[in-house]
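Trainee: Sharing a structure, written as structure tokens. Questions coming.
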Amino acid sequence: IGPASGQEVRTACCYCGTGCGVIAEHDGRRITGVRGDPAHPANFGRLCTKGSALHQAAAPGGRALFPELRSARGLPRRRVGWDSALDGAAERFAAIIREHGPDAVAFYISGQLLTEDYYVFNKLARALVGTHNIDSNSRLCMSSAVAGYKGTLGADSVPACYEDIDHASHLLIAGANPAWAHPIVFRRIEAAKRANPGLSITVVDPRRTETAEFADLHLQIAPGSDVLLYNAMLHVLLWEDLVDRDFIRDHTSGFDALRAQLAECSPGAVATACGVPAERIVEAARRFGNARAALSLWCMGLNQSHHGTASNSALIHLHLATGQIGRPGAGPFSLTGQPNAMGGREVGAMATILPGHRDPANAAECAELAALWGVPALPATPGLTAVQLFDALAEGKVKAVWIACTNPAHSLPDQTRVRAALEKAEFVVLQEAFADTETAPYADLLLPAASWGEKSGTVTNSERRVSRVRAAVPAPGEARADWTIAADFARRLAQRMGRSADGFAWADEAAVFAEHVTLSAGRDCDMSGLSHALLDARGPQQWPFPQGAEQGSARLFTDHRFPTADGRARFNPAGFPQRHALLPEPVDARHPFVLLTGRLRDHWHGMSRTGKVAGLWGHTPRAEVALNPADISRRGLRAGQLVRVAGRRGAVVLPLAADAALAPGQAWIPMHWGAATLAQPGANTLTSPATDPISRQPALKQAAVAIAPA
Ligand code: SF4
């Protein structure tokens, strides 16, 4: 479990939230190979195709190597020194803050940053600049799960762990395709099924994915009907007395109010809207209700929705109604999309969360944090979440944005609007490892960042496990670790704002981590007993891990006490739309198909890494739009021809593919391709900027489109 030996370094994969341990082999200059870390509890030595190619993706092509600045829009950027780049940025930010106030600037960061990077950006925004305008692409990933957990369990605390897959007697996999998106988790599910053939698996997904093929029961629901489905399952659990009445009475509140809503949610009443026969809904409910230990796993299918918080809550309600939480094999378990979306949540580097899972709307928690940071107060104005932030940029309310380690000109919905916002901004700083992302052309100042294998810190995976990430080789050119760039900028900005820079003078990333975990003391995510030294000595650890602890906690709420005012979990019908629109925008005669978007097995996000590895193109060599074969023949189309996919906000032209995994009336485009790889913007030209009213997560999964020959 030590950090390194000879020409090898123990680190963690930079792709999905599975958080696999990796041993990186190097020659001191280049990473020459990788293999799974047999000592890491997330993967026990396994790696998926993406992870196995990490060393190839770490090759130097396409990297940002030097700071580059342009003096005016329309001119090319020119290489400048770091001092000039950061002094110039500090001047621009200070001037805008002086003239327009702190909320005229914003930071948009990433679930791929390390926890230490996240921490420094967060302190910079809130304690120095004085704005809550700091949000992350985790808004696009896990914010509905956060809101669902907080609403029901009282805190953003994932109760379960990977080991629970081995203990479960029933898995409900909802809106997730771990066979592709979390392959090492799926290997564990396969192994659990081999070891225990009685393990029953239900998959809820509008597509018949590889994961759905593996299941005993697949509910191929109509897109967006998940709240109705889980309510109908709960209706059956009640009707057949499969609920745990003692648990409901002793450990929850709000059940009666929810039960009143459930009356009209019989399987027969929702079957048509769900697109699933009532008998299958009953069967799914019985499998869950009769399970010795039921574990649910979910991901973007629930989260990336305009009712994502309600979807998360409805699924968690199944666990609360049956007492399936807080014991081995039982509990709700969201699979994190990005490698460190969880770390960002601990650090509070999103507009709606503060460090230690504090709440920016809670005056006492804000005052506590201000005291810990040694500032008079935190800002009073709420921060802008991702879609709001880019809208404010377009409206001129936010004038300067600092983007780090993310690619909003590819990944945010309604790309036409996002790109117009970046055009309108007075000053765009892009801190990025790669020079060829879709966002790079909009950068007035490009700052080269170190990438995987070149910087050190920590990440937290889906099961709250904190792992060390370690540098194996130096960063190319003049690229620097993200946290050092943010800290250096903060010191220069503090000088121009007439403020002390003392709070931004960490000796190294271990010191940043030490400050971060201090702020978590006494909170639900208490990590005050962790340090880089402890992680180096004892390997990855789960939180909570308070000062003095010998080990972390595999699962939470084992005493059935929850971090709410009365210690009870909540059935949460508030903000729980019984009759919500299933889709973020209607399907009609002009736009008759429901477009679904998603991830492929061998690519990651905008392909700035995986797109550079030839071997990762074999699985799916080109971008296509897929339709059910019946739709193709009914419309007189043919597979392989170019079609124009037109939505209410734009259009893309793609080859057409037949895919029987889709139900008639659905179309599917992978999320990965964009202007950098396709010579046209990708799926997010078509997606809706509608967001969940509570989590503010955008509904990236569904849009209405027409498909016709190009
Ligand atoms: Fe990396 Fe995820 Fe694959 Fe593990 S499952 S190797 S974390 S991409």
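No value in this document is a laboratory result; all are computed from the given coordinates. No experiment lies behind these values; they were computed from the predicted model shown. Cβ coordinates were reconstructed from backbone atoms using ideal geometry, including for glycine residues, and neighbour counts include every protein chain displayed.
Trainee: For the residues H218, H132, what sequence is obtained by ranking on other C-beta atoms within 10 Å, fewest first? Walk me through the intermediate numbers first.
Mentor: On the way: H218 22, H132 26.
Ascending number of Cβ neighbours within 10 Å: H218, H132.
Trainee: Using the C-alpha gyration tensor of the chain, what are the square roots of 5 times its eigenvalues, in whole angstrom, with the largest one first?
Mentor: One finds semi-axes of 37, 30, 25 Å for the chain.
Trainee: Could you list E365, E423 so that the one with the fewest beta carbons within 10 Å of its beta carbon is first and the one with the most is last?
Mentor: Fewest-to-most Cβ neighbours within 10 Å comes out as E423, E365.
Trainee: Taking the alpha-carbon centroid of each part, what is the distance from region 293-369 to region 17-59 in angstrom?
Mentor: 28 Å
Trainee: I need the peptides 65-78, 157-170, 507-520 ranked by packing, meaning the mean over residues of other C-beta atoms within 10 angstrom, with the highest value on top.
Mentor: In decreasing order of mean packing, 65-78, 157-170, 507-520 become 157-170, 507-520, 65-78.
Trainee: Rounded to the nearest 500, what is the chain's calculated 222 nm mean residue ellipticity when only DSSP H runs of at least 4 contribute -39500 (n - 2.57) each, over all residues? Walk me through the numbers before you get to the answer.
Mentor: Details: 26 runs with 227 residues, N = 710.
After summing the helix terms and dividing by the residues of the chain, the value is -9000 deg cm²/dmol.
Trainee: Continuing with the same structure: Assuming a strict under-29 Å limit between Cα atoms, what lysine pair count do you get for the chain once near-sequence pairs (fewer than 8 apart, same chain) are dropped?
Mentor: So the count of such lysine pairs works out to 16.
Trainee: Next question, about the same structure. Hey, if you put +1 on the Cβ of every Lys and Arg and -1 on every Asp and Glu Cβ in the chain, which of G457, V387, L258 ends up farthest toward the positive end of that dipole?
Mentor: Looking along the dipole axis, the top candidate is V387.
Trainee: Another one. Among A472, H619, S296, flag the residue with its Cα farthest along the positive direction of the charge dipole of the chain, charges on Cβ as +1 for Lys/Arg and -1 for Asp/Glu.
Mentor: Highest projection toward the positive end goes to H619.
Trainee: So how strong a dipole does the chain carry about its Cα centre when Lys and Arg Cβ are +1 and Asp and Glu Cβ are -1, to the nearest 20 debye?
Mentor: Once rounded to the nearest 20, the dipole reads 1280 debye.
Trainee: Can you tell me, using C-alpha contacts under 8 Å and at least 6 residues apart, the relative contact order of region 593-709 as a whole percent?
Mentor: This gives 36 percent for region 593-709.
Trainee: Continuing with this model, one more query. Tell me which of Q666, T687, P629 sits at the most positive position along the dipole axis of region 593-709, charges placed on C-beta atoms (Lys, Arg +1; Asp, Glu -1).
Mentor: Final value for the positive-end residue is T687.
Trainee: Convex hull over the Cα atoms of region 593-709, averaged projected area in nm²?
Mentor: Values: hull surface 30.3 nm².
Averaging across all directions leaves 7.6 nm² for the Cα convex hull.
Trainee: Could you work out the pair-distance distribution P(r) of region 143-335 from its alpha-carbon pairs, with 10 angstrom bin width and percents rounded to whole numbers?
Mentor: Percent of Cα pairs in each bin: 10, 41, 40, 9, 0.
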